[in-house]
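To keep things clear, I will list the structure first and then write my remarks on it.
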Amino acid sequence: MELAYTRKPTIRLIATDNAPADKVAQIGYGIEEEGIPFSLVSPDELSDPVSLAHVAATQSQLLVGIACDGRDAVLHYRNLPLEKFIYRIKDYSAIPDHVLRLFGSNAARLVKGVPFKKSDLLETSF
């Protein structure tokens, strides 16, 4: 008998070295609160957070990716054009933790196909 190893599908979260770990953790908590797993990785090469989020979405079996650098956090969906992200939070290190959890929650809600939670601090590209 041969066993096949399968990886659990996850939301891909790319965080650069200068991303504030405590704030990235809050985003992860929001994802977990919705019951969706995520994987936290470092980028293969540095780029702007919108591009990194799109790369994360293309690497995710769930089609959803997030990127965090030292300044911005971006949520992207694989089937959207590169420049059309779902949400962005600028200067997220100054944003309250509950908003970052909401941001993560919305990533999971995108996977589940349920309506997003609203916040005026979440910027959209469309």
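Near the amide H of F38, within less than 5 Å, lie the amide hydrogens of I11, all on another chain or at least 5 residues away, with H placed in the peptide plane. Annotation: the residues R78, R7, R12, R88, sorted from fewest to most other C-beta atoms within 10 Å of their own C-beta, follow the order R7, R78, R88, R12. Would any residue of segment 19-37 have its amide N under 19 Å from a label point 7 Å out along Cα→Cβ of H98? List them or say none. Zone members listed by number: 23-34. When only alpha carbons are used to place a centre, segment 34-59 and segment 92-119 end up 16 Å from one another. 3J(HN,Hα) along segment 101-116, derived from phi through the Karplus expression 6.51 cos²θ - 1.76 cosθ + 1.60 where θ = phi - 60°, amounts to 5, 4, 4, x, 4, 5, 4, 5, 5, 4, 4, 7, x, 10, x, 6 Hz, with x in place of Gly and Pro. 3J(HN,Hα) along segment 23-34, derived from phi through the Karplus expression 6.51 cos²θ - 1.76 cosθ + 1.60 where θ = phi - 60°, amounts to 6, 4, 4, 4, 4, x, 4, x, 5, 5, 4, 8 Hz, with x in place of Gly and Pro.
Of all aspartates and glutamates in the structure, those lying under 14 Å Cα to Cα from K23, and not within fewer than 8 positions of it along the same chain, are D69, D72, D91, D97. Ordered by the count of other Cβ atoms within 10 Å of each Cβ, fewest first, L121, L75 give L121, L75. Cβ-to-Cβ counts within 10 Å put T58, T10 in ascending order as T58, T10, the fewest first. Per residue, the convex hull spanned by the Cα atoms of the chain amounts to 117 cubic angstrom. Here the chain carries DSSP beta bridges of which approximately 55% are antiparallel, counting only pairs with both residues inside. Taking amide H as placed 1.01 Å from N in the peptide plane, Y87 has its amide H under 5 Å from the amide H of L75, each at least 5 places away in sequence or on another chain. Residues in segment 40-49 carry Karplus couplings, in order, of 9, 9, 8, x, 5, 8, 6, 7, 6, x Hz; the curve used is 6.51 cos²θ - 1.76 cosθ + 1.60 with θ = phi - 60°, and Gly or Pro positions show x.
Structural descriptor for segment 11-112: relative contact order 35 percent, calculated from alpha carbon pairs under 8 angstrom and at least 6 residues apart.
FYI, it's all coordinate maths here, none of it is from the lab. In this text the structure is predicted, and so the values were computed from the model without any measurement. Reconstructed Cβ throughout: ideal geometry from the backbone, glycine too, with neighbour counts over all protein chains shown.
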